[in-house]
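What follows is a single structure, written as structure tokens, with notes after it.
The values are calculated or read from the model by the stated rules, or taken from the named source; none is laboratory data. Worth saying up front: this structure is predicted, and the values here are computed from it rather than measured. Cβ: placed from backbone, ideal geometry, glycine included. Neighbour counts: every protein chain shown.
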Amino acid sequence: MLAHNREISIDQTESLGFKPIDFDLCSFHYQPIYCLNTGDLIMYESLLRASPEVSQSIESLIVDIVSGGQEDALTVFTLESVAKYLLEPRFSSVSFTINLEPAQIASDNFFKFITEFFSDNGLNKNRVIFEITERPCSALILNKMIDTVNALNSFGFSFALDDFGTGISNFDLLSVLDVKLIKFDRSFSKKALSHKNSHNVLVLASSFKSNFDCSVCLEGLETAEQINLAKRLGFCYGQGYGLGRPAPL
């Protein structure tokens, strides 16, 4: 059924005058996220990648997918790609985060896609966190997204704010959503060792875990100094090239 929904989305895209994206030219790489207290691998972030045959950047590709009306097809492709690892015994001790554009979540079909896909495939919703990307969107999409997130929260699904401090991933959104995880943009970790104000921002950010009853993750950790700073400040999780690069599983 879900594969059929993807085909419908692509047909609709062609009728709107957009060239549909060939998802056979796309795949996912997975970047590890570690518990900074224990050093244990906690989860993987699922990151869309395009084959060398695709000339545009991945950011540009995602914009084209959403602008072309293929957000539902992207959702289904993402779920199908990650589900196989959720069902593999060797990954039973880790969770996965899935990046979602606001337009994907705001789709009229999204709630049904998620609830039916997890139910039909016997997936554990507690092992998945949906990351809301920071990409700007219209007020209509934003409001529909908020309603859908809150509805899925009531069904036990979890969400994260990605790259907090950029785009729509900000205090306005945090004030109306209950999230399980807040991921702080790499720009903060890069400046914190040399700029006092950036350091103080991270001190404040680390307090979110108690103030908002959620976990906090610092992205962009590339050096031992940055990793140690994140540990000292009390961040729950760390992610970045200094801990592990995205790669196929």
> Can you name every residue in the stretch 205-228 that is more than 25 Å from Ile146 (Cα to Cα) and either small (Gly, Ala, Ser) or surrounded by fewer than 18 Cβ atoms within 10 Å (Cβ to Cβ) (or both)?
Replying inline: Gly220, Glu222, Thr223, Ala224, Glu225, Asn228
> Of the conditions (1) part of a helix (DSSP H, G or I); (2) in contact with a strand residue (DSSP E or B) (Cβ under 7 Å, 6 or more places away or on another chain), Glu134 fails just one. Which one is it?
Replying inline: (1)
> Does the stretch 165-183 contain at least one residue that is of a type in the set (Gly, Ala, Ser) and under 30 Å from Leu123 (Cα atoms)?
Replying inline: yes
> When Pro102 is evaluated against the numbered criteria (1) surrounded by fewer than 16 Cβ atoms within 10 Å (Cβ to Cβ); (2) closer than 28 Å to Ala247 by Cα, which criterion, by number, is the only one it fails?
Replying inline: (1)
>> Looking at the stretch 164-187 only, could you name the residues that are more than 17 Å from Ser207 (Cβ to Cβ), touching a helix residue (DSSP H, G or I) at 6+ places or on another chain (Cβ under 8 Å) and in a strand (DSSP E or B)?
In response: Thr166
> What number goes with the only condition from (1) modelled with pLDDT under 95; (2) outside any strand (DSSP E or B); (3) in contact with a helix residue (DSSP H, G or I) (Cβ under 9 Å, 6 or more places away or on another chain); (4) surrounded by fewer than 20 Cβ atoms within 10 Å (Cβ to Cβ) that Leu61 does not pass?
Replying inline: (3)
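Condition first: within 28 Å of Arg49 (Cβ to Cβ), surrounded by 14 or more Cβ atoms within 10 Å (Cβ to Cβ) and either out of contact with any strand residue (DSSP E or B) (no Cβ under 9 Å at 6 or more places or on another chain) or of a type outside the set (Phe, Trp, Tyr) (or both). Now tell me which residues in the stretch 229-248 satisfy that. If you could, list the steps in order and put the result at the bottom.
Residues of the stretch 229-248 that are within 28 Å of Arg49 (Cβ to Cβ), as a first pass: 230, 235-248.
So of that shortlist, the ones also surrounded by 14 or more Cβ atoms within 10 Å (Cβ to Cβ) come out as 230, 235-240, 242-244, 246.
Answer for the stretch 229-248, where residues must be within 28 Å of Arg49 (Cβ to Cβ), surrounded by 14 or more Cβ atoms within 10 Å (Cβ to Cβ) and either out of contact with any strand residue (DSSP E or B) (no Cβ under 9 Å at 6 or more places or on another chain) or of a type outside the set (Phe, Trp, Tyr) (or both): Ala230, Cys236, Gly238, Gln239, Gly240, Gly242, Leu243, Gly244, Pro246.
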>> For the structure I just gave you, tell me whether Lys125 is modelled with pLDDT under 95 and of a type in the set (Lys, Arg).
In response: no
> When you scan the stretch 85-104, how many residues do you find that are touching a Pro at 6+ places or on another chain (Cβ under 9 Å) and either hydrophobic (A, V, I, L, M, F, W, C) or assigned to a loop (DSSP other than H, G, I, E, B) (or both)?
Replying inline: 1
> Does the stretch 105-119 contain at least one residue that is crowded, with 20+ Cβ neighbours inside 10 Å, under 12 Å from the mean Cα position of the chain (by Cα) and closer than 28 Å to Gly165 by Cβ?
Replying inline: yes
> Mind checking which residues of the stretch 70-81 are in contact with a Ser or Thr (Cβ under 9 Å, 6 or more places away or on another chain), surrounded by 19 or more Cβ atoms within 10 Å (Cβ to Cβ) and assigned to a helix (DSSP H, G or I)?
Replying inline: Glu71, Asp72, Ala73, Leu74, Thr75, Val76, Thr78
> For the stretch 67-100, which residues satisfy the criterion of being touching a Lys or Arg at 6+ places or on another chain (Cβ under 9 Å), in contact (Cβ under 8 Å) with a residue 60 or more places away in the chain and among the aliphatic types (A, V, I, L, M)?
Replying inline: Ala73, Val76
>> Would you confirm whether or not the stretch 134-141 contains a residue that is at pLDDT 90 or above, buried (at least 16 other Cβ atoms within 10 Å of the Cβ) and more than 16 Å from the chain's Cα centre (by Cα)?
In response: yes
> If you take the residues of the stretch 122-171 that are touching a residue at least 60 places away in the same chain (Cβ under 8 Å) and of a type in the set (Val, Ile, Thr), which of them is farthest from Ile98 (Cα to Cα)?
Replying inline: Ile168
